[in-house]
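What follows is a short report on a single structure.
The values are calculated or read from the model by the stated rules, or taken from the named source; none is laboratory data. Just so it is clear, the structure is predicted and the values come from calculations on it, not from any experiment. Neighbour counts run over all protein chains shown; Cβ positions are idealised from the backbone, glycine included.
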Amino acid sequence: MIRFDGVGKRYANGGDALTELSFEIGTGEMVFVTGHSGAGKSTLIKLLALIERPTRGQIAVDGDALANTRGARIAAYRQRLGLVFQDYRLLEDRSVAANVALPLQIAGCDQTELQKRVRAALDLVGLGGRERARPSMLSGGEQQRVGIARAIVARPALIVADEPTGNLDPQLASEIMQLFVALAHTGSTILVASHDLHLIQRMKRRVLVLDKGRLIDDFRPGKGA
Amino acid sequence: MSRRSRRPKDALQAPQPPANIRIARNRGLGRPSLAQWFARHRAACRAAFAQLAAQRIGSAVNVMVIGLALALPLLLDHAVRNLAQVGGALDEQRDVTVFLDPDLDAAGVDASMRALLAVDGVAALRRRTPGQGLEELRQLPGFEAAAAALDRNPLPWVALATPESGVTGAELAARLEAIDGVDLVQHDAAWRERLDRILGLLRRIVQVLAGLLGLGAMLLIANAIRLDVMARREEISIVSLLGGSDAHVRRPFLYGGALYGVLGAALAIALSWLVYLLLRAPVAALAASYAADFRLSAPSAAASVLALVAGAVLGWIGALVAATLQLLSDRAD
């Protein structure tokens, strides 16, 4: 599903965010990416979301090289992703339902189907009945659940989350991670970046460890690193 | 390093996505279906209305400024049409006035009238006696006292010659001048020609003004849309990350621009009707004081439809330019 081949990213200030990064993630697999602040987790996510471009190497998703994805193809590619952000990135002036409906509106989904899908996604993240609420009326954990509902509502092939529990307390963070684990059973490929190694290890999923832009470990907790 | 996870039997089952979502996902850049196309445009249209409604005061001020800018050429066009109507009414009065020699006796007058009627190109000839002429003079405002002061009627016999179809008044006037007993031939071609030229000039002024004010309205709309785009940067960034193409991001702004234009044009049409209703009675009274049967015509439906279409097109173009430039500028930042 995802293939990084010798990927490097150097920013304009001369700093190397990623160096010779190579790994593969299979379809339907759930993988955590961890590391200290500045390890390159967010850069990896930005490369996958085509917010940034690598300065070296190749990235391929579903066999398509992202280097060839330019112009209008970027939007089409992003429609295949479900993105979850640390700061939720919800539209404050719209209801929960309207926020979750955004990917479906972009895809041109008809209104009846859209409402059905939004309800189903909100039920899935435990927010059924909160459709009309504004994001500001929700707790941090609930807002992140809205972000996750928005990411899964169009049933993307790949869900990418950047520090989805970064702003949450340990209890809520654990609940959100459990939700990602549950979503992994739906068949989507899931990549979650998080600095919380202890929390990740409890999920017993594959972990990629980055340090100063390099991949230093690739293991599955409980099965030996 | 690649691993594939198996899907457990008791896996959390998400509802199946709607068929069109699968299409959107799998096709990538494939052409959207007609239903999807309509759904996107409906959503963009709703978003544009919502945006205008959310900023009631700002939107109302923008619409009023655009309306005033579009009202001026519309009113001028209306004024020129009415002037042309005056010119057209006068143009129908193509009769050539022939004043006979005041010293002619009755037999001479008869002979001259027969000769005039026999001129090639005369369709009809009407006589006006000196007595009728004096009576008409008395009817004119301010001439009653002057007519009464005359000790004798100084007016000559007059013939009003109507040209045949295809014969101009000027041509006929030239032929009538050659007839014996004719003292003076009067034809108003010169001033009608001048009026036509003035009307032509006014029409050109209206076109130039319409162009300039239309450009002004377009820039106003472009600026309003640019501010909207700037105010919604965060939303645009989120929509873009969720897979919204540039066209998708721009679409609500284009509808917003068109909406500004249409509402501005509607206001301009309303203003032109207001001016018409305010001026109708005074103009009719003024015309009546000159014994003229002139009435101000109502703003034309064609001009109103044209104003609405022009408003929508100008708004759309203004919004397209503003949104595209602002998105490019934001992307460069």
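Data for the structure
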{"item": "So A:GLN58, is it under 30 Å from A:LEU138 (Cβ atoms), surrounded by fewer than 22 Cβ atoms within 10 Å (Cβ to Cβ) and not β-branched (Val, Ile, Thr)", "result": "no"}
{"item": "Check on A:VAL192, under 25 Å from A:TYR77 (Cβ atoms) and either in contact (Cβ under 8 Å) with a residue 40 or more places away in the chain or not assigned by TED's automatic domain parsing to the domain that holds A:LEU210 (or both)", "result": "yes"}
{"item": "Considering residues of region A:87-99 that are of a type in the set (D, E, K, R) and in contact with a helix residue (DSSP H, G or I) (Cβ under 7 Å, 6 or more places away or on another chain) only, the residue farthest from the other protein chains (Cβ to nearest Cβ)", "result": "A:GLU92"}
{"item": "Members of region A:152-180 found to be assigned to a helix (DSSP H, G or I), more than 9 Å from every other protein chain (Cβ to nearest Cβ) and of a type in the set (A, V, I, L, M), listed by number", "result": "A:LEU172, A:ALA173, A:ILE176, A:MET177, A:LEU179"}
{"item": "Region A:65-81, residues that are within 9 Å of chain B (Cβ to nearest Cβ) and either assigned to a strand (DSSP E or B) or in contact with a His (Cβ under 6 Å, 6 or more places away or on another chain) (or both)", "result": "A:LEU81"}
{"item": "Per-region count, region A:127-172, residues farther than 30 Å from A:ASP62 by Cα and of a type outside the set (S, T, N, Q)", "result": "18"}
{"item": "Residue pairs meeting the criteria (Cβ under 7 Å; at least 6 apart or on separate chains; first modelled with pLDDT under 80, in region A:168-179; second not small (Gly, Ala, Ser))", "result": "A:LEU168/A:GLN144; A:LEU168/A:ILE176"}
{"item": "Residue among A:GLY28, A:GLY57, A:GLY14, A:GLY6 that alone is away from chain B (no Cβ under 13 Å), on the phi > 0 side of the Ramachandran plot, outside any strand (DSSP E or B) and among the small types (Gly, Ala, Ser)", "result": "A:GLY14"}
{"item": "All positions within region B:227-274 that are basic (Lys, Arg) and either modelled with pLDDT of 90 or more or in contact with a Cys (Cβ under 8 Å, 6 or more places away or on another chain) (or both)", "result": "B:ARG250, B:ARG251"}
{"item": "Residue that is nearest to the other protein chains (Cβ to nearest Cβ) [pool: residues in region A:181-194 that are touching a helix residue (DSSP H, G or I) at 6+ places or on another chain (Cβ under 8 Å) and assigned to a loop (DSSP other than H, G, I, E, B)]", "result": "A:THR186"}
{"item": "Of the criteria (1) of a type in the set (A, V, I, L, M); (2) in contact (Cβ under 8 Å) with a residue 40 or more places away in the chain; (3) within 14 Å of chain A (Cβ to nearest Cβ), which one B:VAL275 fails", "result": "(3)"}
{"item": "Condition check for A:VAL84: among the aliphatic types (A, V, I, L, M) and farther than 19 Å from A:ALA157 by Cα", "result": "no"}
{"item": "Criterion violated by A:THR55 - all others in (1) more than 20 Å from the chain's Cα centre (by Cα); (2) under 23 Å from B:HIS248 (Cα atoms) satisfied", "result": "(2)"}
{"item": "Candidate set: region A:36-52, residues that are closer than 13 Å to A:LEU208 by Cα and over 16 Å from the mean Cα position of the chain (by Cα); chosen: the one nearest to the other protein chains (Cβ to nearest Cβ)", "result": "A:ALA39"}
{"item": "Residue list for region A:100-122, filter: more than 9 Å from every other protein chain (Cβ to nearest Cβ) and either of a type in the set (Asp, Glu) or surrounded by 22 or more Cβ atoms within 10 Å (Cβ to Cβ) (or both)", "result": "A:VAL100, A:ALA101, A:VAL118, A:LEU122"}
{"item": "Residue list for region B:157-183, filter: surrounded by fewer than 16 Cβ atoms within 10 Å (Cβ to Cβ) and on the phi > 0 side of the Ramachandran plot", "result": "B:GLY166"}
{"item": "Residues (at pLDDT below 80 and hydrophobic (A, V, I, L, M, F, W, C)) located in region B:70-105", "result": "B:ALA84, B:VAL86, B:ALA89, B:LEU90"}
